[in-house]
Amino acid sequence: MPAFKAPAPGFAVRFSPFHENRLLAATSQHFGLVGNGHLIVLDLAAAGPGAAPAPVFSFPTSDALFDCAWSESHESLCAAASGDGSVRLFDAALPPAQNPVRLLREHAREVHGLDWNPVRRDAFLSASWDDTLKLWSPDRPASVRTFRGHEYCVYAAAWSARHPDVFASASGDRTARVWDVRDPAPTLILPAHDHEVLSLDWDKYDPSILATASVDKSIRVWDVRAPRAPVAQLAGHGYAVKRVRFSPHRQGMLMSCSYDMTVCMWDYRAEDALLARYNHHTEFVAGIDMSVLVDGLLASTGWDEMVYIWPFGTDPRAM
Amino acid sequence: MAGSPPKPWERPGAEGASGPAPFKPPSGGSTSDVVEASGMAKPGENVTAAERSAAANASTTVSRPMPQRPWQQTGGYGNTYGGAGYGSNMYSSYGGFGNTYGSGGMYGNSMYSSYGGGYGGGMYGGGMYGGGMYGGMGGYGGYGMGGMGGYGGMGMGGPYGNQDPNSMGPPASPPGFWVSFLRVMHGVVNFFGRISFLVEQNTQASYFFMTAMLQLFDRSGMLYGELARFVLRLLGVKRKPKKGSLQGPEAPAIQGPSHQFPEAPKAGSWDNVWGN
C-alpha cells in the first residue's frame, strides 16, 4: 500500500470520517522544537490505486503542529493543534488564502491533543501543556468551557464513543481523568501509571473500558467501574508508548505506537495479546489511526517523515 | 446536524456485554447548550501562568503526587558551584561576593597561586590553595589571606576551607561606596599584578629556554666527541700521526735508496705499497 513522503517529521495522522480515501496529517519541522508546521490532506485515490497518495491540500503554519482532527459535522473541516497555544480550523475545500477559517487562541502553552466528539459531532476538545482542557464548538468564537484539575501538561483527550457528554484526558501528572461536561470536577481520577500518561482511548464497543499509554512502556486497559486495578496490562514496547487507539470495527483490538519505532496491534482480551508488530518506520512513530470506514485499514506517521497506509495483516512497505 | 456517516459501533446490537457505564444519562441538545444548561459554561476563559501554579497548589485530589521537575527544585542556588574548583574563579573573584567559590578545591593551579602570591609576599606554588581563603573574605580581602596561605597552614580544610558562602542564606546587601571602590582598586591592582607576574614568568621561561638550549648544544657536542672517539677506537682506527712524527724512524725509508722516483711505477706495483 502507498507511502507518502511528508515535508517534515509527522506528528499525527487521521482518517476522514466522511471519505475513505481522505487522510489528514500534521507535520512539524525540526521535530516540533522550532520551525513551521504543515497540515496536509492526502487523497489515496487521486493518483490511482497503488500509487503514492497525493496531497490535495497543504497548509503551512507559523508554528509546529502536534495533533489534528477531522470535524465530524462538516466533511472538509479539520482542526490543528499548534505549538504556539492556538487551535486552528481549516476548511480543505477553500483555497489556502482563506485559511485558516478560525484561529482560536486561548491556551497559554502548546496544545498537544485534539479530539472531536464522535457522538454528538458538534464539539471538540483541546488538551494543552497549560494543564487545562478546553471545549470548543466550531460555531462559537471562544471556548465553551475550560477544564482544570490536572497538575501537569495534558497530553491527550478522548471522547467516549458512546456517551456524548463524557470524555477522558491523559496527563503528565501520572493520572488519567474522566470528565462529564456537565460536572465541575472530574468524575474519576485514575492514577493510571507510574510515569506520565501520554495517550488514551475509549473502547468503542464497551462504554466503560479505557486504555492508557504511558512513558513506563506499557499500555493498561481500565474499567471505569472498577478503577482499582487494570483489566489488562500490555507490555511489549521497548520505550514510551506515544499513542493508543481502539479499533472502530473489532471489539478489544488496539493499535499503539511507540518511541521504540514500532507500531503494535493488540487484543487485550486474548491470552497472547500482541497480534502484530510493524517496524517499518526508521524513526519515532508519533501518529497512528484506524479507518472508521474501511475495516482494518491502518495509517501511521513518524519522525522519518513518512506516512504509511496499509491494511491490517500486510506489510506496510509492500507497495 | 448532518454529521459523518454512522460509526461501525453504532449499529444495533454492537454494544459489549459488560453492562452499562456508570455515567449520568446523556442530555439532549448540542454540546454547548448542554454545558450552558449545567451552569458550567465559561466562554473564552484564558489561562495565565499565575493561575496555573495556583491551581496546581490548591488541588489536592490526586492520590499520587506529581514528581518534582528539575526546574522546580528550590534551594538550588549556587549548589553546583561548591567545591567545583574551576580555574575561572580567579577572574570572578573581584566584584563578586564570593558566592561562586566552593569550599576548597581550586588548589594546584599555578595561575591561581601566582595571583595570590603576587600580594601575599612572594610565595609561589603550594600553600595558596583552599577556596575558603577567598570565599571567607568575601572577595576583596583576598590578598591579606594570601600571605597567611604562604605558610601553608590555611590550605586544605583549614578554618576557612569549609566556609561556603552559599550556606549563609540570602545574598548580602549591596556594598557601600568605599567597599566597592576598594574592590575596584583591588581589581585594578590585581590586574596589573597578574600582568607583571606573567611577563616576569615569560621572561624567565625564555631565559631558561635559551640557557637550556646552549647547554644542550654544548653537552651534545661533548657527547658526540666522546662517542666518536670510542667508536673509532673500537674499529681500530688510529689517529694520524701529527706533523712532528714525520721525522720518525719510518721516514727515511721513503727516501731510501730502494725507491727510485724517476722510474715510472710498473703495473701492480701499487699493490705492494701496503703489502707489508
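Among the residues of the stretch A:153-170, at least one is buried (at least 23 other Cβ atoms within 10 Å of the Cβ), more than 9 Å from every other protein chain (Cβ to nearest Cβ) and β-branched (V, I, T). Confirm whether A:A156 is in contact with a strand residue (DSSP E or B) (Cβ under 6 Å, 6 or more places away or on another chain), of a type outside the set (K, R) and part of a loop (DSSP other than H, G, I, E, B). When the stated conditions are applied, A:A156 does not pass them.
Is there a residue being surrounded by fewer than 18 Cβ atoms within 10 Å (Cβ to Cβ) and within 25 Å of A:P55 (Cα to Cα) anywhere in the stretch A:266-281?
Step one: of the stretch A:266-281, the residues surrounded by fewer than 18 Cβ atoms within 10 Å (Cβ to Cβ) are A:269-272, A:274-277, A:279.
Of the ones still in play, those that are also within 25 Å of A:P55 (Cα to Cα) are A:279.
Checking the stretch A:266-281: at least one residue is surrounded by fewer than 18 Cβ atoms within 10 Å (Cβ to Cβ) and within 25 Å of A:P55 (Cα to Cα).
Going through (1) in a strand (DSSP E or B); (2) of a type outside the set (V, I, T); (3) over 21 Å from A:V292 (Cα atoms) one by one, A:G35 falls short only on (1).
The set of residues from the stretch A:222-260 being among the aliphatic types (A, V, I, L, M) and over 19 Å from A:P311 (Cα atoms) comprises A:V224, A:A226, A:A229, A:V231, A:A232, A:L234, A:A235, A:A240, A:V241. The set of residues from the stretch A:230-245 being over 15 Å from A:I288 (Cβ atoms) and within 14 Å of another protein chain (Cβ to nearest Cβ) comprises A:V231, A:A232.
In the stretch A:58-79, which residue that is within 14 Å of another protein chain (Cβ to nearest Cβ) and not aliphatic (A, V, I, L, M) is nearest to A:L23 (Cα to Cα)?
Going residue by residue through the stretch A:58-79, those that are within 14 Å of another protein chain (Cβ to nearest Cβ) are A:69-78.
Now drop any that are not not aliphatic (A, V, I, L, M), which leaves A:70-76, A:78.
Details: A:W70: 9, A:S71: 12, A:E72: 14, A:S73: 16, A:H74: 15, A:E75: 12, A:S76: 11, A:C78: 11 Å.
Restricting to residues being within 14 Å of another protein chain (Cβ to nearest Cβ) and not aliphatic (A, V, I, L, M), the top hit is A:W70.
Among the residues of this structure, A:A127 counts as one that is within 16 Å of A:A170 (Cα to Cα), buried (at least 24 other Cβ atoms within 10 Å of the Cβ) and within 13 Å of another protein chain (Cβ to nearest Cβ). Identify all residues within the stretch A:284-319 that are within 24 Å of A:T212 (Cβ to Cβ) and charged (D, E, K, R); write none if there are none. A:D289, the sole residue that qualifies.
Condition check ((1) outside any loop (DSSP other than H, G, I, E, B); (2) of a type in the set (S, T, N, Q)) across all residues:
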{"residue": "A:A142", "(1), (2)": "no, no"}
{"residue": "A:T146", "(1), (2)": "yes, yes"}
{"residue": "A:A161", "(1), (2)": "no, no"}
{"residue": "A:A168", "(1), (2)": "yes, no"}
{"residue": "A:R177", "(1), (2)": "yes, no"}
{"residue": "A:R182", "(1), (2)": "no, no"}
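In the stretch A:130-145, the qualifying residues are those that are within 7 Å of chain B (Cβ to nearest Cβ) and surrounded by 23 or more Cβ atoms within 10 Å (Cβ to Cβ), and the one that is farthest from A:S160 (Cα to Cα) is A:D130.
It is to be established whether one or more residues within the stretch A:293-300 are without any contact (Cβ under 8 Å) to a residue 60 or more places away in the chain, acidic (D, E) and closer than 17 Å to A:R250 by Cβ. Spell out the reasoning first.
Taking the stretch A:293-300 and keeping what is without any contact (Cβ under 8 Å) to a residue 60 or more places away in the chain, we get A:295-296, A:298.
Next cut, acidic (D, E) only: A:295.
Restricting the remaining residues to those that are closer than 17 Å to A:R250 by Cβ gives A:295.
Among the residues of the stretch A:293-300, at least one is without any contact (Cβ under 8 Å) to a residue 60 or more places away in the chain, acidic (D, E) and closer than 17 Å to A:R250 by Cβ, which makes the answer yes.
Under the condition of being crowded, with 24+ Cβ neighbours inside 10 Å and within 19 Å of A:K242 (Cα to Cα), the residues counted in the stretch A:104-114 number 4.
Could you look through the stretch A:153-198, keep only residues that are in contact with a helix residue (DSSP H, G or I) (Cβ under 8 Å, 6 or more places away or on another chain) and of a type outside the set (V, I, T), and pick out the one that is farthest from A:C68 (Cα to Cα)? By that ranking, first place goes to A:R182.
Need a quick list: strands (runs of 3 or more DSSP E) entirely within the stretch A:191-275 having at least 1 residues that are under 18 Å from A:A161 (Cα atoms). Show your work before the answer.
Details: elements: A:197-202, A:209-214, A:218-223, A:232-235, A:241-246, A:253-258, A:263-267.
Where strands (runs of 3 or more DSSP E) fall fully within the stretch A:191-275 and carry at least 1 residues being under 18 Å from A:A161 (Cα atoms), they are A:197-202, A:209-214, A:218-223, A:241-246, A:253-258.
Across the stretch A:184-210, what is the total count of residues that are among the aromatic types (F, W, Y) and within 9 Å of chain B (Cβ to nearest Cβ)?
Of all residues in the stretch A:184-210, those among the aromatic types (F, W, Y) come to A:202, A:205.
When the remaining residues are screened for being within 9 Å of chain B (Cβ to nearest Cβ), the result is A:205.
Residues in the stretch A:184-210 being among the aromatic types (F, W, Y) and within 9 Å of chain B (Cβ to nearest Cβ): 1 in total.
Test A:V181 against the stated conditions and say whether it is at negative phi, within 7 Å of chain B (Cβ to nearest Cβ) and modelled with pLDDT under 95.
yes
All conditions in (1) at pLDDT 90 or above; (2) in a strand (DSSP E or B); (3) in contact with an Asp or Glu (Cβ under 6 Å, 6 or more places away or on another chain) hold for A:P118, with the sole exception of (2). Scanning the stretch A:246-280 for residues that are basic (K, R) and in contact with a Cys (Cβ under 9 Å, 6 or more places away or on another chain) yields a single hit, A:R277.
Test A:L89 against the criterion of being away from every other protein chain (no Cβ under 14 Å), surrounded by fewer than 24 Cβ atoms within 10 Å (Cβ to Cβ), in a loop (DSSP other than H, G, I, E, B) and not basic (K, R), and give yes or no.
Values: away from every other protein chain (no Cβ under 14 Å): yes; surrounded by fewer than 24 Cβ atoms within 10 Å (Cβ to Cβ): yes; in a loop (DSSP other than H, G, I, E, B): no; not basic (K, R): yes.
No; evaluated as a whole, the condition is false for this residue.
The values are calculated or read from the model by the stated rules, or taken from the named source; none is laboratory data. In this text, all values refer to a predicted model and were calculated from it rather than measured experimentally. Glycine gets a Cβ as well: all are built from the backbone with ideal geometry, and neighbour counts include every protein chain shown.
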